[in-house]
Structures are given as C-alpha cells and as structure tokens.
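Chemist: Here it is: the structure, laid out below.
Bear in mind these aren't lab numbers, they're just calculated from the coordinates by the rules spelled out. Model, not experiment: these values are computed from the prediction. Backbone-built Cβ (ideal geometry, glycine too); neighbour counts: all protein chains shown.
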Amino acid sequence: MSGAARRPPPELARILFGGDRVLLVSHVPPDGDGLGAGLALVRALRKRGKEAVFAAGGEVQRCLRFLARPGEMDTSPSGPPGPFDVAVSLDSASQERLGELGSLCRRSRHFLNIDHHAGNRRFADLNWVDGASPAVGEMVVRLLEDTGIPLTRETAVPLYVALVTDTGRFSYSNTGPAAHRTAAALLATGFDPSEITDRLYRSIPEPFLRLTGLAIGALRRDAGGLVAHVTLTPEMLRESGADPLDAGDVVTIPVSLEGVEVGVLFRPAPDGGGTKVSLRSRRWFSVSDLAARWGGGGHERAAGATLPHPRDRARATVLRALREALEAGEGEPS
Ligand code: 5GP
Ligand code: MN
C-alpha cells in the first residue's frame, strides 16, 4: 500500500466539512465498522453545525443499536429524503453493496468513498482507500486528526466499536501497532470499554444461542480437514427464532475448529434468492480471491459472496473450488 493512502487526500476534509447536508452510508446492512465510522462522522459534523445523518438502508444488528441516538440513523431502505450536498460511502468496496442507497449518493453534489478493502472499485468522485488499515474507523480517526478535530467521548465510542469489531477484539492479523495506537487514543477520552464489550459480546440473544446449537450439529469438514463448514437452512432459522441479521456471526464456529484453515458459512441470501457464503481464513489462504470468482469480495481473511444457486449447488461449487485451491497449495507457507 502506498504511503499516499495513509493520509486522506487534502480535498476530502474540505468537501466533507464544507457541505451543509451530509449523508453517511455503508454496505447494507452495515456492520460495526461502517456504522461506528458513520455515527462518529455524524457527530463531528453536527458539532460543526451541519445537518448529518447515517442511512443504514434497513435494520441493523440488535447488538449495535445502542450506538445510535434518536435521529442519528435512518433505517428506511431508500434512505432519508435528499438531496444532499455530500454523500460518504464507508467500508463498502463497491456501489452495489450500498443497495438502494447508492442512487441517493449518486444524486448528491459530492460523492466520497472511504474504505479499507484493497479491491475497492473507486466508484465515487473522490476515493480514499487504504487497504492496510484495520478498520474504516481507524481511517476516520486519522481524518479527524488531520483536520484538527479532537476526539471526544461521543465520537470515540462508535470508533472504538468499529475497531473492536473489525479486528475481532484485537485478535485478527489486521491487529497491528495502528490498531492499538488508535485504541489508546480513543480510550484516552474516558469511556469504559467493558460497557461496550458487554453490549457487543455479552448480550447474546437466547434464540441466537439456539441457532448456534443447531449450527454445531450441522458442522462438517472437507479438504482433508482444512475446511470446516456450516449450512443454515430456513428451517433452522425459523426453529431457533434467531434474527437473520445475526446469522452471519455463526461463521466463527467453523473457523474456530482445531486444525482448520478456512471456515465457511452457507445461508439463505438475506434479500431473496440464492445462497450467501461467508468465508474466513486463519493464516495463509486468501478468501477474497475466492469470493471474487462469484462476484463477491472482502479481505484476505474475511470475505463473502452471494451465489445465485440453491444451497446444495452453492455448497458443492464453493467446496470444490476450495479443495482445488487448497490442494494446489495456493498461498501456503512452505
Ligand atoms: P461477511 O462474511 O461478514 O458478510 O463479510 C466479510 C467481509 O467480506 C466483509 O469485509 C464484507 O465487506 C465482505 N463481503 C461480504 N459479502 C460480500 C459481497 O457480496 N461482495 C463484496 N464485494 N464483499 C463482500
Ligand atoms: Mn471494515
């Protein structure tokens, strides 16, 4: 990653803080990184007298809802009424992942794109992409610093959520000095991190725990044990009563199994037909390359795609590709 991407382009802050009506968006549904980065910017902008709102394009995961104060987040599929002076896409590698919000962004005077996916399609008017950053929340910390805007507890809490969730609580390989330095700067504003991790990780809804039980029962291995996978059926989702928005978190089960390099979750695609595939790897296998074959993407260790096939066919396709790639030793350290 070039050094240039480390600092935001100089025009970015000028455009962002120069608009009067600003729209912040992320992929739909947003995760902790997109939502946290967006709400921090909403607050920084409002403090400067701007009108700013985060559009989620639908409901967000329950464990993240504590972050937004009344009026800060719009959850309608097509977003709040425009037009906006500035729209900012956060944590989305392509405009397609913004769903209906993409056209709202296109209609605003300026369209900015802040992201840490190396394969970002640079779809906006001004794109700041830093594939080396652990989270868009970390990029927003740098943007605020660069602009001379001090961190406050109000901006630090959502940014901390962004960092904690995208680094897997400071455990994935994107956890380097930048993640910890940023965490230190955020914590210095004086909030209690245990309150946040209680909200994120110790507030598991019982139906989700039941789904986890069903998922463990459905755990399978492949590729000589290097792959573990789980397939969630509509029946399992119904029987457990789990919120479909939480279902993607089940992917931690297959990737946590001893000896596994790649963990895979297959589930009904949230927006109708097809099968959503979530991929996680541990040490050396690049799942973003694999996801890209089916029009998806992500990071080297966390990626996803939606296949237009029913689950049996989607699973056969993905497992075959994984077996071939793993047998070829793609990326394996010698
Ligand atoms: P998840 O498996 O949690 O849905 O996503 C993991 C990572 O892959 C995230 O970085 C997410 O942005 C990316 N990702 C998931 N699904 C897709 C997809 O359909 N297209 C693209 N481009 N990226 C995806
Ligand atoms: Mn992210």
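Chemist: If R0 is 56 Å, what FRET efficiency do you get for Arg293 and Thr152 from their C-beta distance, rounded to 0.05?
Modeler: FRET efficiency, Arg293 to Thr152: 0.80.
Chemist: Send over the Kirkwood Rh of the stretch 206-327, from the inverse of the averaged 1/r over different Cα pairs, rounded to one decimal Å. Don't skip to the end; give the middle numbers.
Modeler: On the way: mean 1/r = 0.0710 Å⁻¹.
Evaluated over the stretch 206-327, this radius sits at 14.1 Å.
Chemist: Could I ask something else about it? Taking the mean number of other Cβ atoms within 10 Å as a proxy for protection, how do you rank 169-182, 34-47, 225-238 from highest to lowest?
Modeler: Ranking the peptides 169-182, 34-47, 225-238 by packing returns 34-47, 225-238, 169-182.
Chemist: I've got another one for you. Given the -39500 (n - 2.57) contribution per DSSP H run of 4+ residues, what per-residue ellipticity at 222 nm results for the chain, rounded to the nearest 500 deg cm²/dmol?
Modeler: -11000 deg cm²/dmol
Chemist: While we're on this one: Can you bin every Cα-Cα distance in the stretch 168-233 into 10 Å intervals starting at zero and give me the percent of pairs per bin, rounded to whole numbers?
Modeler: With 10 Å bins starting at 0, P(r) equals 16, 28, 29, 23, 5.
Chemist: If you don't mind, another one. Using 0.36 nm per residue, how much length does the chain from Arg199 to Asp312 gain when fully extended, once their Cα-Cα distance is taken away?
Modeler: 37.1 nm
Chemist: Now, a different point. Of all alpha-carbon pairs in the chain, indicate the percentage at a distance above 34 angstrom.
Modeler: Across the chain, Cα pairs with separations above 34 Å total 22 percent.
Chemist: Also, I was wondering about something else. Tell me, what is the percent relative contact order of the chain, built from C-alpha pairs under 8 Å that lie six or more residues apart?
Modeler: 12 percent
Chemist: Could you give the dipole magnitude of the stretch 4-125 about its Cα centre, charging the beta-carbon of Lys and Arg +1 and that of Asp and Glu -1, in debye to the nearest 20?
Modeler: 380 debye
Chemist: Considering Cα pairs under 8 angstrom that are at least six residues apart, work out the relative contact order of the stretch 258-328 and quote it in whole percent.
Modeler: Computed value for the stretch 258-328: 27 percent relative contact order.
Chemist: Report D for the stretch 112-177 in µm² per second (integer): Stokes-Einstein, Kirkwood Rh on Cα pairs, 10 °C, 1.306 mPa s.
Modeler: D, rounded to a whole number, is 126 µm²/s.
Chemist: Right, another one. In vacuum, with every alpha carbon of the stretch 47-169 counted as one equal point scatterer, what does the Debye formula give for log10 I(q)/I(0) at q = 0.10 Å⁻¹? Two decimals, please.
Modeler: For the stretch 47-169, the Cα-only Debye profile gives -0.31.
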